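The values are calculated or read from the model by the stated rules, or taken from the named source; none is laboratory data. Note that this is a predicted model, so its numbers are computed, not measured. Because the Cβ atoms are built from the backbone with ideal geometry, glycine has one as well, and the counts that use them run over all protein chains shown. For the accessible areas, the whole protein counts, side chains as well, though only heavy atoms, and no ligand, DNA or RNA atoms are used. Shrake-Rupley method; radii C 1.70, N 1.55, O 1.52, S 1.80 Å.
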Amino acid sequence: RLAGLLEADARLHATLQERPQVLAGAREKLAPYIAQGRCTLEDADFLGEVAAGADVYVFSRVLHNWDDDSCRKILANCAAAMGPRSQLLIVERVMPDDRHPWLSRAFDVHMMIMTEGRERTAGEYEALLRPAGLRTLELRELAAEMRVLVAVPV
């Protein structure tokens, strides 16, 4: 996903923060952008700290893997790293607050079985964002029930 963003816009510079086992695979895929100086890789655990100073932070299919307490910790760490104009993009299968399509329910059950996480509604994400000092700015629709929740510091 990060390679796609870097490919789409030559002005972008990115830092991928991940655990060592993930970085090993990412290094090969991102090699052209690393060579161009447009991408750096950092061994990190967002449950401990998120690097400060970015304009945009992206969690793509990350938070649904975690329980609510862990999500609050991750989001608080991200909020602490964000500047006043930074944005957080949460790319997830955000379930509608007012209806739950069959596919969303199936993925929710899958997440509960495979991880300690779950799919969440926009309202449930907002309830996780607020204690971290963040709020939803907008919710953008993508394909296949995927959405981008744009969050900003309060």
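Every residue, every condition in (1) touching a strand residue (DSSP E or B) at 6+ places or on another chain (Cβ under 8 Å); (2) over 19 Å from Leu129 (Cβ atoms); (3) assigned to a helix (DSSP H, G or I), yes or no:
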position	(1), (2), (3)
Leu6	yes, yes, yes
Gln17	yes, yes, no
Gln21	no, yes, yes
Arg27	yes, yes, yes
Tyr33	yes, yes, yes
Val50	yes, no, no
Gly53	no, yes, no
Val58	yes, no, no
Arg72	no, no, yes
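Among residues belonging to the stretch 141-154 that are loosely packed, with under 13 Cβ neighbours inside 10 Å and within 15 Å of Arg93 (Cβ to Cβ), point out the one that is modelled with the lowest pLDDT.
For the stretch 141-154, the residue satisfying everything is Ala144.
I'd like the full set of residues that are open to solvent by 30 Å² or more (accessible area, probe 1.4 Å) and within 15 Å of the chain's Cα centre (by Cα), limited to the stretch 125-136.
Result: Glu126, Arg135, Thr136.
Across the stretch 86-97, which residue is nearest to Leu137 (Cα to Cα) among those that are part of a loop (DSSP other than H, G, I, E, B) and free of Cβ contacts under 8 Å to residues at least 60 places away in the same chain?
Checked the stretch 86-97; the qualifying residue nearest to Leu137 (Cα to Cα) is Val94.
What's the total number of residues in the stretch 114-154 that are in contact (Cβ under 8 Å) with a residue 60 or more places away in the chain and out of contact with any Ser or Thr (no Cβ under 9 Å at 6 or more places or on another chain)?
2
Output the residues belonging to the stretch 13-55 that are touching a Leu at 6+ places or on another chain (Cβ under 8 Å), open to solvent by less than 50 Å² (accessible area, probe 1.4 Å) and over 21 Å from Met82 (Cβ atoms).
Leu23, Ala26, Leu30, Tyr33, Arg38, listed by residue number.
Which residues, counting only those in the stretch 64-91, are modelled with pLDDT under 95 and open to solvent by less than 40 Å² (accessible area, probe 1.4 Å)?
Within the stretch 64-91, just His64 meets the criteria.
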